[in-house]
Structure formats: structure tokens, C-alpha cells
1. Is segment 212-230 home to any residue that is aromatic (Phe, Trp, Tyr), open to solvent by 30 Å² or more (accessible area, probe 1.4 Å), in contact (Cβ under 8 Å) with a residue 40 or more places away in the chain and in contact with a helix residue (DSSP H, G or I) (Cβ under 6 Å, 6 or more places away or on another chain)?
2. For segment 91-111, which residues satisfy the criterion of being assigned to a helix (DSSP H, G or I) and touching a residue at least 40 places away in the same chain (Cβ under 8 Å)?
3. When you scan segment 166-189, how many residues do you find that are of a type outside the set (Lys, Arg) and open to solvent by 30 Å² or more (accessible area, probe 1.4 Å)?
4. Which residues, counting only those in segment 154-165, are of a type outside the set (A, V, I, L, M, F, W, C), open to solvent by 20 Å² or more (accessible area, probe 1.4 Å) and out of contact with any strand residue (DSSP E or B) (no Cβ under 9 Å at 6 or more places or on another chain)?
5. Across segment 134-153, what is the number of residues that are in contact with a strand residue (DSSP E or B) (Cβ under 7 Å, 6 or more places away or on another chain) and open to solvent by less than 80 Å² (accessible area, probe 1.4 Å)?
6. For the structure I just gave you, tell me whether Gly104 is touching a helix residue (DSSP H, G or I) at 6+ places or on another chain (Cβ under 8 Å), open to solvent by 50 Å² or more (accessible area, probe 1.4 Å), of a type outside the set (S, T, N, Q) and at negative phi.
7. I need the strands (runs of 3 or more DSSP E) fully contained in segment 118-171, keeping only those with at least 1 residues that are touching a His at 6+ places or on another chain (Cβ under 9 Å), more than 18 Å from Ala26 (Cα to Cα) and not polar (S, T, N, Q).
Amino acid sequence: MQLRYTFRIEPGPSQRIALGRAFGCARVVYNDALRAREEARRDGLPFPKTGDLSKLLITDAKQRSDRAWLGEVSAVVLQQSLRDLDAAYRNFFDGLKGKRARMGAPRFKSKRDNRQAVRFTANARWSITPSGKLHLPKIGEIKVRWSRSLPSTPTSVTVVKDASGRYFASFVVQTDASEALPEVMGEVGIDLGLTYFAVLSDGRKISAPKFFRRAEKRLRRAQQNLVRKVKGSSNRRKAVVKVARAHAKVTDARRDFHHKLSTTLIRENQAVHVEDLAVKGLARTRLAKSVHDAGWSAFVAMLEYKSARYGRVFTQVDRFFPSSQLCSACGLKDGPKPLAVREWTCSGCGTVHDRDVNAARNLRTEGSKVAAGQAETQNARGAQVRPVLVPAPRATRTSVRKKQEPTRSCRPTGWMQAGIPRP
């Protein structure tokens, strides 16, 4: 599988100027290609291909006086910008066809966006020097803060400047099965929540750190300071960076917490079972701020790829599975209960249950069945519906639940109303 390793880099003053030039040239080529395809759609012409756009907007454009500065950056950076536009169109059309979640049509990039990125592939002849610096064409050798060694030779590197002004180098590396951990006997079910971030089937409860809530006062002050600045002034640009840095601290702390907890669970257990939560739906309720602060989706994604990397079993139990209604001791379905009920007694066997621990144990039991391919969902009357879908390996997984193909009556309207020609 492919993994991405990200490290902080420290470019010098001249290198920052060179990187800014590369960011700008990549953005211009992206916008020129998007404009060419928009004009072709407006005039009823065929969808321009990437090869034709590359010759027109890169090779030929370098010969013109108004685009001669494109030759000051690596050509690979400009080619990859066209690939990014292709990926944006592909995701948009796949969303219309139901192959993935719906996404908006590609939009023009703004030079006022503080986050910028360029990608260098092997054709760019970038390298890591013996002294540990990152050598990029037409930019130079950049110091890298190595926190660990790369498991293999990287295939590409993406240089990112985030909104807070920090620079990062993101390497894509290929890993093999040699990283699989020794097998263990543990198996855990995880019930995610807000009061406790995670409750495990063995009874352990991990408190919710609530990073955003703790930093909310500091973020409010930074935002209030920003709105007092005059638009277009230097002080406003400085205030924007301060707000971005405050948010970056919260994001980094949350990501560090997710990584440490997910790695611990993967190392201690051979199988990990979680519930397929409807995070988008919960984010539309009055609990939206707390839901986003928890970051469940990012945590589950880490569990998934780390399970595939280290040879563990990962399953997501269907979100309609009544984990809070079943008795984990005798299996009796005792009916729905309000969220205020945190402890209840089974009417069948008399076992006293903690609501969250009981749900985690039921998720562990159901997840084991899903992993074995023996589970079958049933409706309220006990009739068989269809088997629970078992997540495929990450390398081949496209979507957890395949959406229904659109009917003929609605198929032409999607791409025509969006104003984008069919490729």
C-alpha cells in the first residue's frame, strides 16, 4: 500500500521566493486550463484533452511574452497542475454518476488563498542529499526536520504551504507486508461518543480532549482582533496568519491524539470493530461543534489504513444495528432508550449495563460476525434484508455502500445544469 509521510521543512528567503513563484505558475496553468474548458463548453466544442492543453498552455505559452515566466519553474510542476484539474473533473463526474459522494464543479484558484501546494514526481529529478536535505529543481536544497526515516524510496514529493505560513514536504512511499505486526488474541469494539471520545468493549473509557472547546476563548480573541483591521492592510494580513496559527495548534493536537490512540488500539488487538456513524447528519444538528471537535471520521480512517498496514482486521458495523438496545449478556432486545439513560437493567437476565460499554460489546460481537461473513441484517419484523457489506481492502475499496444508478430521465440534467461538458 502507499503511505504519505509529512515533514516540516525550512526554506531560506530565496527559496521561499522560488517556491512562491512555483505556486503562482502552477495556479496560472490550472486556471488557464479550466478557462479553456469552460470556453469550449460555452461554444459547444469538444472537451479539450490534457495533451492538447499541455502543448497550448505550457509548451507554446513559454514562447509568448505574457507567459515567458513559466520557464522559470520546473515543467513537471505545471504538468502536475493539469493532472490535478483532471482529477477534479473526474471526481465531479463520478459524483454525478453515483460512484462517489457528490462534489462541486472545479473552480478557479485564487492567489489570495494562503494554502498553496506543488508536486514533484520522479521526472523532476528531485532528490534527498547525503546530508539529509531536500533538493528540488530550480529551488535548491531545503532543510528538512526528519522525525523518522522513510521505509522506502519515495515516488513523489508535494511541497505544501499551509494557511499559517508553515512549509511541509509530503513524501509518497510504497510499503509491503514486512510491516505486519505479530498476531495477538485481543479483539475490541469501539463506541464513539461526545462525553467520552471512545468507550471500549473491555470497559475502558477514553475521555474526550475537546481541543477546540478548550481553545475557543483564544480563537475568539484572535478572530475579534482580525475583524477590527482594515481590509487590504498589512496588519490584517498579519492577523489572518495569527488566526490560522491558532487553528493549526488545535488541528495538530487533535491529529496527534488520534494517531496515538489508533496506534495503541491496533497494536493491542487483532481485530477492531467500530460503528458506521452518519457524521454528516450529526454535523447538521445542535451538536455540530462538538461533533467536528471530536473528529470521528479522521480517527476511523486512521484505524482503517493502519489495520491494512499492520495486518489487522477492521470492520464497520452497519449504523442501523441496535447496539444500545441489545443485552450483551443474553442478546435480548430491550427496546430503545433516551440518551439520558446511561445505565439500565436487562428485563430478561437482570444484568445491569453501562449504556456505552454494552454498546461497545455488541459492536465487538457483531463485528466478528461481519468479519466472518456470517452476519445478516433483519428488519423490524425479522425478515431477511441483505448481508452487511464487508469493507474491502483499502487498495481496492471504492465505497462502503453502492448507490443506485440514476434513472434515464435524470441522467442528462446533472452535467448540463452544472455547465460542464461530458468528457
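1. The answer is yes; a qualifying residue exists.
2. Within segment 91-111, Phe92, Phe93, Leu96, Lys97 qualify.
3. Qualifying residue count for the region: 13.
4. Correct list: Gly165 only.
5. 8
6. So Gly104 passes the test.
7. In segment 118-171, 140-145 are the strands (runs of 3 or more DSSP E) which contain 1 or more residues that are touching a His at 6+ places or on another chain (Cβ under 9 Å), more than 18 Å from Ala26 (Cα to Cα) and not polar (S, T, N, Q).
Residue-by-condition table, conditions (1) of a type in the set (Lys, Arg); (2) open to solvent by 50 Å² or more (accessible area, probe 1.4 Å):
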| position | (1), (2) |
| --- | --- |
| Val77 | no, no |
| Gly98 | no, no |
| Lys109 | yes, yes |
| Asp113 | no, yes |
| Gln116 | no, no |
| Ser131 | no, yes |
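The values are calculated or read from the model by the stated rules, or taken from the named source; none is laboratory data. Bear in mind the structure is a predicted one, so any value in this text is a computation, not a measurement. Glycine gets a Cβ as well: all are built from the backbone with ideal geometry, and neighbour counts include every protein chain shown. Note: accessible area is taken over every heavy atom of the protein model, side chains too, but ligands, DNA and RNA are not part of it. Shrake-Rupley method; radii C 1.70, N 1.55, O 1.52, S 1.80 Å.
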